[in-house]
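Report on one structure; see the data block that follows.
The values are calculated or read from the model by the stated rules, or taken from the named source; none is laboratory data. Everything numeric here is computed off the predicted structure, so don't read it as measured data. Methodologically, a virtual Cβ is constructed for each residue, glycine included, from the backbone with ideal geometry; neighbour enumeration extends over all protein chains shown.
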């Protein structure tokens, strides 16, 4: 069938979310790969029969896949950060606590391993904090989105597996440090905050920080897993680094994380325990924003060492010196625990495949995965 300029579809985003190639979907729907490519690009408008086959193969409704441009609705959403004036802005959307929240896909936030599919476009600014968004996705699908903020590389693995079991659910992962995730949860911007912070005064993980940031709110802390944190060093450990003291004595350079991250707190606590001033550590003020950038700095030789996890070290072929075992918890406001998409996501924590995803990375203890460790 010839192209219909007003017909829009979400075939590519649903297919990729389910981990299917174009050929996989073509085989399931009984069509050619060229047909799938043509539909996704908008060059081909499918027949009723093909439309029904595609919906059945993807486990969704026809309305989830196709719509007319003029039918695109609008919603008012809370803007999580300022956006450039006069510039076309793409956003990702989720409904949190009964209100829509818009996450601008600007700069590095527009990418993970691949460019993030867009949910809508800013049409106008209605107030200092709110915008009018023209939707490109079905509003019912957006309503089934769970948003998670945190820095654990395993969260996207969990999310992808969970989406396969619950095709109508979507998980959106925002990569920020532990304190920033908690603050975002407190502002009502996300459903779940991931964190790995240790309080040496109380000898507790995460709970003291959650109580402080979420004062006056009720929340549950559920463990995703325990992981090993320590020093990443170059293969062969050429400077023979075994402790933070060795870093200073060898004149080695370290790459650090931003304030609010669990990795930076671990480094600072280790230095304080050895009574080493931050000022004498070469590279202490060289800051990167995530575990991957720490590893990349060590791999490239920009730094001799950095704090991260054993799984990251293994992924980048680096040596690992363990310093601490940390518990990574998911913090969820109790009001969100009643929402169906959140319940669906959390129900997958007991699945063996999730445990296998964590264990195969190395350095993860899944014996407490899914346990509610505290309520506040």
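Taking the conditions exactly as written (farther than 22 Å from residue 325 by Cβ, outside any helix (DSSP H, G or I) and assigned by TED's automatic domain parsing to the domain that holds residue 176), does residue 285 satisfy them or not? Step through it out loud before you land on a result.
Numbers: farther than 22 Å from residue 325 by Cβ: yes; outside any helix (DSSP H, G or I): yes; assigned by TED's automatic domain parsing to the domain that holds residue 176: yes.
In short, yes.
When the range 194-217 is examined, which residues are found to be part of a helix (DSSP H, G or I) and surrounded by 18 or more Cβ atoms within 10 Å (Cβ to Cβ)?
Of the range 194-217, the ones part of a helix (DSSP H, G or I) are 207-213.
Scanning the range 194-217 gives 207, 209, 210, 213.
If residue 236 satisfies every condition in (1) assigned to a strand (DSSP E or B); (2) more than 29 Å from residue 150 (Cβ to Cβ) but one, which is the exception?
(1)
Only one of these is at pLDDT 85 or above, surrounded by fewer than 18 Cβ atoms within 10 Å (Cβ to Cβ) and in contact with a strand residue (DSSP E or B) (Cβ under 8 Å, 6 or more places away or on another chain): 345, 318, 323. Name it.
Working: 345 fails: surrounded by fewer than 18 Cβ atoms within 10 Å (Cβ to Cβ); 318 fails: surrounded by fewer than 18 Cβ atoms within 10 Å (Cβ to Cβ).
Sole residue among the options that is at pLDDT 85 or above, surrounded by fewer than 18 Cβ atoms within 10 Å (Cβ to Cβ) and in contact with a strand residue (DSSP E or B) (Cβ under 8 Å, 6 or more places away or on another chain): 323.
So which residues in the range 239-259 are under 27 Å from residue 179 (Cβ atoms) and assigned to a loop (DSSP other than H, G, I, E, B), if there are any at all?
Passing the criteria: 243, 253, 258, 259.
I want to confirm something. Restricting to the range 22-39 and keeping residues that are assigned to a helix (DSSP H, G or I) and surrounded by fewer than 18 Cβ atoms within 10 Å (Cβ to Cβ), which single residue is farthest from the chain's Cα centre (by Cα)? Write out each step before concluding.
Filtering the range 22-39 down to residues assigned to a helix (DSSP H, G or I) leaves 22-29, 33-39.
Pick out the ones that are also surrounded by fewer than 18 Cβ atoms within 10 Å (Cβ to Cβ) and you get 23-24, 27-28, 33-34, 37-38.
Numbers: 23: 28, 24: 26, 27: 31, 28: 30, 33: 31, 34: 33, 37: 28, 38: 31 Å.
The selected residue is 34.
Take the residues in the range 159-171 that are out of contact with any helix residue (DSSP H, G or I) (no Cβ under 6 Å at 6 or more places or on another chain) and buried (at least 19 other Cβ atoms within 10 Å of the Cβ); name whichever of them is farthest from residue 198 (Cα to Cα).
Among them, the one singled out is 170.
Output yes when any residue across the range 304-311 is more than 21 Å from residue 207 (Cα to Cα), part of a helix (DSSP H, G or I) and touching a residue at least 60 places away in the same chain (Cβ under 8 Å), and no when none is.
Within the range 304-311 (the criterion being more than 21 Å from residue 207 (Cα to Cα), part of a helix (DSSP H, G or I) and touching a residue at least 60 places away in the same chain (Cβ under 8 Å)), the answer is yes, since at least one residue qualifies.
Return the residues of the range 42-61 that are outside any loop (DSSP other than H, G, I, E, B) and touching a residue at least 24 places away in the same chain (Cβ under 8 Å); say none if nothing qualifies. First the steps, then the outcome.
Filtering the range 42-61 down to residues outside any loop (DSSP other than H, G, I, E, B) leaves 48-58.
Scanning the range 42-61 gives 53, 54, 56, 57, 58.
Going by the conditions given, is residue 235 surrounded by fewer than 22 Cβ atoms within 10 Å (Cβ to Cβ) and without any contact (Cβ under 8 Å) to a residue 60 or more places away in the chain? Before the answer, list the steps.
Details: surrounded by fewer than 22 Cβ atoms within 10 Å (Cβ to Cβ): yes; without any contact (Cβ under 8 Å) to a residue 60 or more places away in the chain: no.
It is false that residue 235 is surrounded by fewer than 22 Cβ atoms within 10 Å (Cβ to Cβ) and without any contact (Cβ under 8 Å) to a residue 60 or more places away in the chain.
When you scan the range 348-370, how many residues do you find that are within 24 Å of residue 266 (Cβ to Cβ), part of a helix (DSSP H, G or I) and in contact with a strand residue (DSSP E or B) (Cβ under 8 Å, 6 or more places away or on another chain)?
Residues flagged as within 24 Å of residue 266 (Cβ to Cβ), part of a helix (DSSP H, G or I) and in contact with a strand residue (DSSP E or B) (Cβ under 8 Å, 6 or more places away or on another chain) within the range 348-370 amount to 1.
Of everything in the range 1-11, what is more than 16 Å from residue 169 (Cα to Cα) and either modelled with pLDDT of 90 or more or outside any loop (DSSP other than H, G, I, E, B) (or both)? Give them in sequence order. If you could, list the steps in order and put the result at the bottom.
From the range 1-11, those more than 16 Å from residue 169 (Cα to Cα) are 1-9; that's our starting set.
7, 8, 9, listed by residue number.
Of (1) out of contact with any helix residue (DSSP H, G or I) (no Cβ under 9 Å at 6 or more places or on another chain); (2) assigned to a helix (DSSP H, G or I); (3) closer than 30 Å to residue 74 by Cβ, residue 155 satisfies all except one. Which?
Residue 155 satisfies every listed condition except (3).
In the list 294, 298, which residue meets the criterion of being part of a helix (DSSP H, G or I), at pLDDT 95 or above and within 26 Å of the chain's Cα centre (by Cα)? First the steps, then the outcome.
Numbers: 294 fails: at pLDDT 95 or above.
Every option except 298 fails the conditions.
Can you pull out every residue in the range 134-149 that is assigned to a strand (DSSP E or B) and either within 24 Å of residue 345 (Cβ to Cβ) or in contact with a helix residue (DSSP H, G or I) (Cβ under 6 Å, 6 or more places away or on another chain) (or both)? Quick ask: steps written out before the conclusion?
First, pick out the residues of the range 134-149 that are assigned to a strand (DSSP E or B): 134-135, 145-149.
Listed by number, the residues that qualify are 135, 145, 146, 147, 148, 149.
Give the number of residues within the range 272-282 that are part of a loop (DSSP other than H, G, I, E, B) and in contact with a helix residue (DSSP H, G or I) (Cβ under 7 Å, 6 or more places away or on another chain). It would help to see each step written out before you state the result.
Initial filter on the range 272-282 (part of a loop (DSSP other than H, G, I, E, B)): 274-277, 281-282.
Narrowing the set further to residues that are in contact with a helix residue (DSSP H, G or I) (Cβ under 7 Å, 6 or more places away or on another chain) leaves 274, 276, 281.
Qualifying residue count, the range 272-282: 3.
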